[in-house]
1. Does any residue of the range 661-678 turn out to be in contact with a strand residue (DSSP E or B) (Cβ under 8 Å, 6 or more places away or on another chain), modelled with pLDDT of 85 or more and on the phi < 0 side of the Ramachandran plot?
2. Of everything in the range 462-471, what is buried (at least 16 other Cβ atoms within 10 Å of the Cβ) and not polar (S, T, N, Q)? Give them in sequence order.
3. Being assigned to a helix (DSSP H, G or I), at pLDDT 80 or above and surrounded by 15 or more Cβ atoms within 10 Å (Cβ to Cβ) is true for just one of Pro384, Pro335. Which residue is that?
4. Run Pro652 past the list (1) crowded, with 24+ Cβ neighbours inside 10 Å; (2) modelled with pLDDT of 85 or more and report the number of the one that doesn't hold.
5. I'd like the full set of residues that are under 22 Å from Pro307 (Cβ atoms), without any contact (Cβ under 8 Å) to a residue 60 or more places away in the chain and surrounded by fewer than 17 Cβ atoms within 10 Å (Cβ to Cβ), limited to the range 472-500.
6. For Leu178, state whether it is part of a helix (DSSP H, G or I), at pLDDT 75 or above, out of contact with any helix residue (DSSP H, G or I) (no Cβ under 6 Å at 6 or more places or on another chain) and under 24 Å from Thr736 (Cα atoms).
7. From the list Glu314, Glu276, Glu304, exactly one residue is acidic (Asp, Glu), closer than 27 Å to Ala608 by Cα and at pLDDT 80 or above. Which is it?
8. Any residue in the range 609-619 that is assigned to a strand (DSSP E or B), modelled with pLDDT of 85 or more and over 30 Å from Ala481 (Cα atoms)?
Amino acid sequence: MGHCCHHHHSKANAAGHRHDAGCAPRTEQAPCCAAPAVATDDADRPDGPPSDEEDDRRGSRHHWRIAGMDCPSCAAKIETAVRRLPGVLSAEVRFATERLQVRLTPEITPATVEQAITAAGFTPLPARTTAPGSGAPWWRRYRDILLLLALMLAGAAGVRLSAPAGSALFTLATLWGLVPIARQAWRLARSGSPFSIETLMTVAATGALFLGETAEAAMVLLLFMMGEKLESLAASRARQGVKALMALVPDRALKVTANGLEPVDAGRLGPGDEIEVHPGGRLPVDGVLLTPLAAFDESTVTGESLPVERKEGERLAAGSLVVDVAVRLRVTSAPGDNTVDRILHLMEQAEASRAPIARFIERFSRWYTPAMMLAALLVILLPPLVLGADWQTWIYRGLALLLIGCPCALVISTPAAVASALAAATRLGVLIKGGAALEQLARVDTLAFDKTGTLTRGQPALTALTVYPPYRREQALTLAAGLEAGSHHPLARALVTAAEQAGLTPPTLSHRRTLPGAGMEGDWQGQRLLLCTPEHLPTGTLSEGQQATIDQFRQRAQTLVVLALGTRVVALFALADQLREDAEAGIRALRALNIDCLMLTGDHQQAAARVAGELGIGYRAGLKPEDKLAEVERLGRKGCLAMVGDGINDAPALRRAGVGIAMGQGTDVALDSADVALGHNRLTGLADAIRLSRATHANIRQNVTLALGLKAIFLITSLTGLTGLWLAVLADTGATALVTLNALRLLRFRAG
């Protein structure tokens, strides 16, 4: 919906999601600083607190968390309210993290800022606290909407029995919905935002109520309140993404001390400390590996689809999963500055550097509402005062003009089209988080894809098996599956799955054991059976022909595993992440809409080239999260870019892109960072979503043209006396009905 109201909301969860997504980057804002509390943070400076002269020039920084923000326009209203205060050098709100940063001169106190925030209808909280969650039952949280709906239904039934009774019930319903909105409009007016959407709604409902259109006034208020509640729920849900991101970093760690392993809080670890992490655990910090060899799943950071072997001395990122053996590492990151923390900071930067697009109605109301009110007043006053015309005649015409100027049709036009489109998108299996995202989709001309889990399945599969005589394919598969049975390594699961699909039963092998960072070994028929990568085979095991075969597979970006019995090679397994079944069809459908496609991935060059070559699209490989974010920014400057991803490493890019699109099976962080989620995981749904958004954009233009066109016609006829109040009422209600019916056409949208 296209509105924002704050009078009921007090949610302040841990992260945010934007409703207004611009395609042009905004670079003038600085990144948000994570400060400890409302108090100044100048003590954190390495050179100590600033001098009095420097403090006057720079101002002291203060931070608050803000409860009650449902969309980025809320942030703009808070900034307006705070910047009006004398002594405020700057005020900047981060909608994503609900954080307000203010620079103050000594002449103003933080308490004054808090009073201004409260007066604007929001709740300031200490920087490190979270807003209390709503534990009230659902019927109490939706009480205002439910009572308004009940009064409207009673009014509709009452009209059939007694017109005055029905009209009274509609009047009561209008007053019930109008009072909190008018109160918020008054607060915002006093805080420097006199022509907000709340002001427009107050004028529209009051004008309709004054002229007896109580049913219409109540309906507009109901739609408005429903839109606000949906935005509140969307914002609350989106802010859970940071919680999921931070959950990747364990709160506790095993610190290596002189007395053995000591459990400690991860936040107490500093550079130089030594810790131990067991298989299946995630690294709580960045560090340097002290164990000779180990495998790590780094997909959360790099997007690499397969576990990566790391050697002693190599750097490791927080959030990486230990795959095979217990490891020790030396901590290199300071508290609050590990890789996951930096990804979170990138998300904040991406949010801050985006120029939010003001909603159409919000922009329009800045001049439309006061202009129409002034025009109606002039129509009432000027002819009698200047020309000596009849007061009663021109009061009548002024009231007609006020009714014609009542923006009910305009207010309904955009949310009605958006609501219909969102319902149609849900039926297609596409979740679009709000009208701003829907509008942005219509402008997209470039789509950037992550590789792993987006264009590909995200899991390695057996693509080729070369067996050397006297062994057979079935024998090689069963022996490999027997060695890997029970392992959680992705390559092991791929081999076991291949054996199961072939209907083979793996044998029970004796003396099975894991070779850290290398593979598996066991005994079969009295001989050593080894399954490992070619690099870990004993020297001289591979023949020249076998080495040539391995080189050919590697040129095609295949991962190789060798099965050896004693000193003889039994088989060579080639594995790779495969394309999704609908990837090619999805790319074709997007090209049909004249949308350029390319792939941005953290995977290595060969794997990226293979996937991009199969799809016929461009690519950039070896990108870290910050590299991917920079590439998205670069592409966004050339046009309107949408980013499709599913991993945590994609979250900053999803936020920074004009439109972020997450695969439905992706991580919670990716889903919460995106504007659009493909619930069915079908890439062909991308083209459907873009076609729907373009149809919605056209529908909104039709609605606005229809509403303004009818108003222009009846404006002229009312001023010239050709039409009176009853035709003005008919024009306004007729425009509202036509706009609504036109918007409902979007419900019939079908997938291509």
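The values are calculated or read from the model by the stated rules, or taken from the named source; none is laboratory data. Just so you know, these numbers come straight off a predicted model, no measurement behind them. Every residue, glycine among them, receives a Cβ derived from its backbone with ideal geometry; neighbour counts consider all protein chains shown.
1. Going through the range 661-678, the residues in contact with a strand residue (DSSP E or B) (Cβ under 8 Å, 6 or more places away or on another chain) turn out to be 661-664, 666, 670-671, 673-678.
Those left that are additionally modelled with pLDDT of 85 or more: 661.
Checking which are on the phi < 0 side of the Ramachandran plot leaves us with 661.
Checked against the condition, which is being in contact with a strand residue (DSSP E or B) (Cβ under 8 Å, 6 or more places away or on another chain), modelled with pLDDT of 85 or more and on the phi < 0 side of the Ramachandran plot, the range 661-678 yields at least one hit.
2. Leu462, Leu465, Val467, Tyr468, Tyr471
3. Pro384
4. (2)
5. Passing the criteria: Gly486, Arg493, Thr497, Glu500.
6. Details: part of a helix (DSSP H, G or I): yes; at pLDDT 75 or above: yes; out of contact with any helix residue (DSSP H, G or I) (no Cβ under 6 Å at 6 or more places or on another chain): no; under 24 Å from Thr736 (Cα atoms): yes.
It is false that Leu178 is part of a helix (DSSP H, G or I), at pLDDT 75 or above, out of contact with any helix residue (DSSP H, G or I) (no Cβ under 6 Å at 6 or more places or on another chain) and under 24 Å from Thr736 (Cα atoms).
7. Glu314
8. We begin by selecting, within the range 609-619, every residue assigned to a strand (DSSP E or B); these are 618-619.
From what is left, the residues that are modelled with pLDDT of 85 or more are 618-619.
With the extra rule that they be over 30 Å from Ala481 (Cα atoms), the set shrinks to 618-619.
Checked against the condition, which is being assigned to a strand (DSSP E or B), modelled with pLDDT of 85 or more and over 30 Å from Ala481 (Cα atoms), the range 609-619 yields at least one hit.
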